[in-house]
1. Taking the Cα centre of the protein assembly as shown as the origin and placing charges on Cβ (Lys, Arg +1; Asp, Glu -1), which of A:9, B:360, A:220 is farthest toward the positive end of the dipole?
2. Given axes a ≥ b ≥ c from the Cα gyration tensor, I'd like to know whether region B:145-226 is rounded (a/c under 1.5), prolate (a/b larger than b/c) or oblate.
3. Suppose every Lys and Arg Cβ carries +1 and every Asp and Glu Cβ carries -1, with no other charges. What dipole size does region B:65-242 come out with about its Cα centre, to the nearest 20 debye?
4. Average the reciprocal distances over every distinct pair of alpha-carbons in region B:65-242, invert the result, and give the Kirkwood radius in Å.
5. Over chain B, what is the relative contact order in whole percent, taking alpha-carbon pairs under 8 Å and six or more residues apart?
6. Expressed in whole Å with the largest first, what are the equivalent ellipsoid semi-axes of region A:1-114 derived from the C-alpha gyration tensor as the square root of 5 times each eigenvalue?
7. Which Cα, out of A:117, A:79, A:20, lies furthest along the positive dipole direction of chain A (beta carbon charges, K/R +1, D/E -1)?
8. Among the listed pairs B:100/B:238; A:51/A:168; A:126/A:216, which are separated by more than 31 Å between their Cα atoms?
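Values quoted throughout were computed directly from the atomic coordinates according to the rules given, and no laboratory measurement underlies them. Keep in mind it's a predicted model, so treat the numbers as computed, not measured. Note that we place each Cβ from the backbone using ideal geometry, even for glycine, and neighbour counts take in every protein chain shown.
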Amino acid sequence: MNRATIISVKDVTKIYREKHSRIESVALDHVTLNIEEGEFVALAGPSGSGKTTLLNLIGALDKPTGGQIIIDGTPLSTLNSSQAADFRLRKIGFIFQAYNLIETLTTEENAEYIALLQGMTPKQRKHETFHILKDLGLEAYLRRRPSQLSGGQQQRVATARAILVRPKIILADEPTANLDSKTGSALIDLMYAMSQNLNITFVFATHDKMVMDKAKTLIHLHDGRIVV
Amino acid sequence: MTTFTKIAWRNIKRNTWRSSITISAVSIGLAALIFLKSFVDGADMQMVENYTNLLIGHIQIHKSGFQKNNEIENSITNSYVITSVLKNIGGISSLAPRIKDYTLISSSEGSSGILLLGISPEAEQKLSDLHKRLRKGKFLKSGLDSEIIIGTTLAENLKVDLGDKVVLMSQGSDGSMAAAAYNVYGIVESGAEEIDKNLALITLKAAQELLVMGNKISEIVVKADKINSIDALSMEIKNNLDTNRFEVLTWKEVSPMTYQWLQFDQVFTDLILFIVLIVVASGILNTVLMGVMERIREFGIMLALGTKPQQISGMVTIESFLLGLIGTFFGTCIGTGLVFFFSIRGIDLSIISSALNNFYIGSIIYPRLDVISIAFYSSVVLLVSIFISVIPAKKASRLSPIEAIRHI
């Protein structure tokens, strides 16, 4: 079955320049890749190889120095900051290595945050949130704040937040880095099932062999370039 | 409660110490604004009341042109025309006819130029407070046409006391030389140097005889029921009198210097209030800005998840508004409570009473509880708390998600 390309990265370069100096570091060097809808992709490579930078560019969190990125038909270079925020809200879910939960919100409120921004009805939102948190074994922690949860629990809340609204693309930066192998494996299985059942495209930046084994497509990066 | 309001509220609670300091700053600042404004209003009101009650009254009616040159030739011939009109107008507490002339007073020890008032003693006692300010002797009565009341400084300058003789010299309305001797019957100490040094009172009849005025008078002085209805009352009198023949002047027009001083006092007070307002605004700005700096990473996360920059700035504004709202509530309660308490008890400033007396202000000042002023300053502080948040809100909304998330 031919699937449509949902992520198109064309000759993308990202160069970081230090403020008040001429020192430059090339994070991505003329990277080109295409990812199809529903693919389960792992970006592998050593630290500093450009995995997180590539995820940030695909997620419209940052802008490339050169080249073009088209996500689901939208060239990201055409979006201003407000449009980029709306684009992220509608199309992309993020799972960060450091969880990045909102400290002042409870487990339930964090999980439903994107759904709320999207305007999902309160009844549906509560229903979906409860079920997804239950599936992730967090139903007993609905009222807890992030500081009252373990690292693994926080990562599951972050996962729930990303997958609740079933975005077209989920970008996950080392999602299993702070989880034990059993929890990590369960989480990856859940994501893989969603990829298969809901046609959600997953792109992981990872060092985890388990994730790489599960991935249908494995892209190796080294010094900002794709290596075969 | 929307999520953004909830987050804003929780951020306020997150750093209770800092939020409490801001709320206290807003509360104390607003309470100070309300109290200061009420204190100045109370003092100004007392000044106007004392000033108008002491001598000049609320409204003066003269023959047209009298205010400009104060010539006795320009007197009211048929005062009944005016009094019959005034009888049919509501809101008048009392009225009194007067003769006003600038004359020379002399004793064996000296002489001085003064303002002479010919008064109807009984009517005058209903209109002015001069009879309450007697330091020595008694106030005039009808029929005591050879007696005079003078100010305490004038008595000292002339070196006269009760029972001593003084001579008034002026020009009669017919151009003749007018001179007569009077016995000092009372000495007034008003506290206002202008009056104590330059005023003398004789009966209306004595003045008419001295100045050869027949039944003519210089003015009719009117006291209104309420001090804040003076302008309306003046307008009504004007509407009922022939303004080609008579001039109707409020105390502000009779004594423009005093009115201007009051206006200057208001401007000066407003300036002080504005400075207090800036201090309050700085307190809010400081807290909200610090709150933003502390949460840069959190804003980055929210932006990354799809929160629009304007939603972030809205949330910061809500936070500032909530701080302002709580501070305004407590500030209004504290300020109103203080004003209410002191409006009954008064603030005793007798330690500087001599300075206050020169401005016709008593030694006990009663702050004036004005609901409109309280509502105005409370609203201003609340609005300032919203507008001041523009700076931190803009800062938060302009963050780059990636840089903000990396912020420690």
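1. Value: A:220.
2. Details: a/c = 2.04, a/b = 1.12, b/c = 1.82.
Cα axes put region B:145-226 in the oblate bin.
3. Working: 19 positive and 23 negative charges, 82 e Å.
It works out to roughly 400 debye.
4. Working: mean 1/r = 0.0593 Å⁻¹.
For region B:65-242, inverting the mean 1/r across all distinct Cα pairs yields 16.9 Å.
5. About 27 percent, as a whole number.
6. 24, 21, 15
7. Checked the options; the winner is A:117.
8. Values: B:100/B:238 22 Å; A:51/A:168 20 Å; A:126/A:216 33 Å.
From B:100/B:238; A:51/A:168; A:126/A:216, over 31 Å: A:126/A:216.
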